[in-house]
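Scroll down for the structure; my scribbles are underneath it.
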Amino acid sequence: MKKKTLLFILPALFATVSCNAGSKFYSKDIPEYGHFFDVEQYEVKDTKNIGESSYFQFHGRHYFDNSLQAEFLSFSNSGFEVTFVGTTLEGYFFTTKADDIEKRPYLSVVIDNDYEPDHSFPISLTADKYSNSQRREGAYFVHEHVVLAHGLEYGKHTIRVYKKSECLMSKVAIKSLSCDGEFVTVEPKDMKMKMEFYGDSVTCGYAVESPDFYENFSTRTENSLMSYANYAANELSADVSLISCGGYPMYKSRYSEGCNPSTIPEMVSLADVEYQTNNRHIWDNASYVPDVVVIALGANDGSVLSGLSNESSQKQFLKNYKSTYISFIEKLFTLYPKTLIVISDEILWIDPRFVSAMDEIVSSLSNEGKNVIRAKYEAYNLAKDKNLPGNGHPNKEMQKIAGHELSETIRAKIGE
């Protein structure tokens, strides 16, 4: 397919702003990142509102907001597909935190079934230097003409849009799409299975697009398409839904202490989450029944375990972690009786006591005839690049290797 050359400014390999005197950690802003600068003039000929359901196919968790007449894209990797005839596609969005350098929302755009993450296009939803927001409506920034794809060869195109930044940082809602041709009934991705992941920052793709251990986190460097979860789903031709938040645990984390909810298992039937989720949007688990559920939690629980001073309190914490894990699995089997549950490590090192607890859980449940398996990774050892961006997170190579390892583990179980 012929595509027009697109201009994107990629992250530079140097520090621009120091966090504090004497610190190696720094923050960096690249205002040009995620913006098109070479869009040729076009005429809008067709517009579809989000309520015209035959033209939209959603993936991941989402919910409709009556006041905005818009569909919120919630957790990382959630989004939609649309099919149109033409050369240019634009969207009408609402966001929060579009003026916040560290937390503003980002999308990724996939064109015509090219699911290689490196080929996707980032879209920054901003309200500053290169603003694509013209005004505010209540608590939300309004982005009425955000170009998602342009310069395409005239013809039929399927566009798949992902929310590449996590829900805790900022919100995105889609109200309508417009194109320079006409929309046709959506032709969604052909999927062999459905997968659901419960995880933390690693599953979100935290800092995966940063080149540096010392660069402070921002949503610009986060990309769920480059998480092991999305890589595995692509290898398995699977639809995927991520319920993941940076800093969150299975049982208890000092990073989510005082938040509501404060753990990932509490989100099992939520369509959306914030640090204080007072107005809860409930997710109907029957609307998306996964063939495979992957749980990758434990690293953030270590933030509490490592601070416990005596052996007795450590043993009690591990007992509580294990019982919470088992209760969560039981809940998942109640919701999805036929699913395969994968108890997964987190690519990088976690406290061996959590690893042992997960091993014991799988052994015990397997002996009871439960459809549970274990996934472990050699991604760090196999990766040529040992850099751990964002203060110690897996880099893109490690995420990709782990995604392949996970897909092979699942294939071995299901017999593909």
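The values are calculated or read from the model by the stated rules, or taken from the named source; none is laboratory data. Quick caveat, the model's predicted, so the values are computed rather than measured. A quick note on method: Cβ atoms are made from the backbone with ideal geometry, for glycine too, and the neighbour counts reach across all protein chains shown. Surface areas here come from the heavy atoms of the whole protein model, side chains and all, with no ligands, DNA or RNA. Shrake-Rupley method; radii C 1.70, N 1.55, O 1.52, S 1.80 Å.
Here the label points at PHE25 and GLU311, each 7 Å from Cα along the C-beta direction, are separated by 3.4 nm in the simple model.
Keeping every protein chain present and rolling a 1.4 Å probe, give me the accessible area per residue for segment 270-313 in Å².
On the way: 2010 Å² over 44 residues.
Per residue, segment 270-313 has 46 Å² of solvent-accessible surface.
Segment 209-259 and segment 262-322 have Cα centres lying 14 Å from one another.
Comparing ALA229, THR185, TYR154 along the charge dipole axis of segment 129-242, the residue lying farthest to the positive side is THR185, per the Cβ-charge model.
FRET efficiency for TYR63 and ARG136, Cβ-Cβ distance as r, R0 = 22 Å, nearest 0.05?
Working: r = 21 Å, r/R0 = 0.98.
Rounded to the nearest 0.05, the efficiency is 0.55.
Among ARG104, ARG254, ARG61, which one moves the most in a GNM of the chain with springs linking Cα atoms closer than 10 Å? Largest GNM mean-square fluctuation: ARG254. The modelled label-to-label distance for the pair LYS45/VAL355, using points 7 Å beyond Cα in the direction of Cβ, is 6.0 nm.
Which one is right for this structure if Cα Rg over 2.2 N^0.38 Å is calculated from it: (1) 1.08; (2) 1.44; (3) 0.97? Here the calculated entry is (3).
To the nearest 20 debye, what charge dipole does segment 15-136 have about its Cα centre, counting +1 at the Cβ of each Lys and Arg and -1 at the Cβ of each Asp and Glu?
Working: 11 positive and 19 negative charges, 132 e Å.
Magnitude of the dipole: close to 640 debye.
Multiplying the residue separation of HIS281 and THR334 by 0.36 nm and removing their Cα-Cα distance gives an extension gain of 17.0 nm. With contributions of -39500 (n - 2.57) from each DSSP H run of at least four residues, the per-residue ellipticity at 222 nm computed over the chain stands at -6000 deg cm²/dmol. Model label points for ASP385 and GLU408, set 7 angstrom from Cα along the Cα-to-Cβ axis, are 2.1 nm apart.
Taken per residue, the accessible surface of segment 69-154 reaches 33 Å², heavy atoms only and a 1.4 Å probe.
Which of the residue pairs LYS171/LYS386; LYS103/LYS163; LYS129/LYS400; LYS252/LYS376; LYS376/LYS400; LYS338/LYS400 have a Cα-Cα distance greater than 25 Å in the structure shown? List each step's numbers first, then the result.
Numbers: LYS171/LYS386 33 Å; LYS103/LYS163 13 Å; LYS129/LYS400 34 Å; LYS252/LYS376 22 Å; LYS376/LYS400 14 Å; LYS338/LYS400 28 Å.
The answer is LYS171/LYS386; LYS129/LYS400; LYS338/LYS400.
Can you pull the percent of the chain's accessible area that's carbon plus sulfur, 1.4 Å probe, other chains left in place? Could the numbers behind the result be given before it?
On the way: 8320 of 17120 Å².
Whole-percent figure for carbon plus sulfur exposure: 49.
Relative contact order for the chain: 17 percent, from Cα pairs under 8 Å spaced at least 6 residues apart, divided by residue count.
FRET efficiency for the pair ASN367 and VAL289, taken as 1/(1 + (r/R0)^6) with r the Cβ-Cβ distance and R0 = 45 Å, rounds to 0.95.
Looking at the chain, send over the antiparallel percent of its DSSP beta bridges, to the nearest 5. Of the beta bridges lying entirely in the chain, close to 70 percent run antiparallel. Phi angles of segment 49-59 translate, via the Karplus equation with coefficients 6.51, -1.76, 1.60 and θ = phi - 60°, into HN-Hα couplings of 7, 4, x, 7, 5, 5, 9, 10, 10, 8, 9 Hz per residue; Gly and Pro are given as x.
Dipole magnitude for the chain: computed about the Cα centre from +1 point charges on Lys and Arg Cβ and -1 point charges on Asp and Glu Cβ, it is near 720 debye.
Each of TRP349, THR334, ASN367 was placed along the dipole of segment 327-406 (beta-carbon charges, centred on the mean Cα), and the one lying farthest toward the positive end is THR334.
The alpha carbon centroids of segment 325-402 and segment 62-115 are separated by 30 Å.
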